[in-house]
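The values are calculated or read from the model by the stated rules, or taken from the named source; none is laboratory data. Here the structure is a predicted model, which is why all the values come from computation and not from measurement. Reconstructed Cβ throughout: ideal geometry from the backbone, glycine too, with neighbour counts over all protein chains shown. We work out accessible area using only protein heavy atoms, side chains counted, and drop any ligands, DNA or RNA first. Shrake-Rupley method; radii C 1.70, N 1.55, O 1.52, S 1.80 Å.
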Amino acid sequence: FATFYAWPSVIEWQKSEKQSKIDAGGNPEEVQYDDVDAVLDIFDSIGLAAFAVIGAQNGVRAGVPMVVSAICGMATSTFGGLTRDVLCGRPVRIVHSNAEVYAQPALAGATVYLLAKRSGASPAARIGAAMATCMGSRYWAIQHDVKLHTWDTKKDGLGVAVRRDT
């Protein structure tokens, strides 16, 4: 709940910092992603990775198949971000295709944890590998602006999903 109470202050501070940089002659394109965004993305990636591992561990404890355990890891980690976004009044990242991929790094981290467990790796090795995979793939997605694929539904003939011009 600290995020809920601190978030408005952080966002206001960030907006004022960005505006002061623009007023000082900075290029608005370069000011778009700043140090606050980087720190928030780092902590978000750490949380995403940690909860992907925790969810996968819970799936293992429940005795479900490996695929279901990986989905448990993904769901556990992404639901935390969903809750954060709702409490902070932000657009929910996981349901918007205009944001960087979020669930895929969590699924990759959970899968690496489960594969390492199956191969007999030590707990520290499998947690470290899973955390590195999840955080690394999330970092890569942010740096390279990797987003979910979208297409024009007006031209693809998908029936009820198509919004036709009238």
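Of note:
- Taken over the range 21-57, the criterion of being open to solvent by 60 Å² or more (accessible area, probe 1.4 Å), under 21 Å from Ala99 (Cβ atoms) and at pLDDT below 85 is satisfied by Pro28, Glu29, Glu30, Gln32, Tyr33, Asp35, Val39.
- Cβ-Cβ contacts under 9 Å between residues 6 or more apart (or on different chains), taken from a first residue in the range 106-133 that is at negative phi to a second residue that is open to solvent by less than 40 Å² (accessible area, probe 1.4 Å) and outside any helix (DSSP H, G or I), are listed as Leu115/Ala121; Ala129/Ala121.
- Pick from the range 30-68, criterion under 16 Å from the mean Cα position of the chain (by Cα) and small (Gly, Ala, Ser), ranking: farthest from Phe79 (Cα to Cα): Ala38
- Residue within the range 34-42 that is touching a residue at least 40 places away in the same chain (Cβ under 8 Å) and on the phi < 0 side of the Ramachandran plot present: yes
- Test: residue in the range 17-29 that is in contact (Cβ under 8 Å) with a residue 60 or more places away in the chain and either under 22 Å from Gln143 (Cα atoms) or under 16 Å from the mean Cα position of the chain (by Cα) (or both): no
- Members of the range 81-128 that are of a type in the set (Gly, Ala, Ser), open to solvent by less than 40 Å² (accessible area, probe 1.4 Å) and either more than 15 Å from Ser45 (Cβ to Cβ) or at pLDDT below 80 (or both): Gly81, Ala99, Ala116, Ala121
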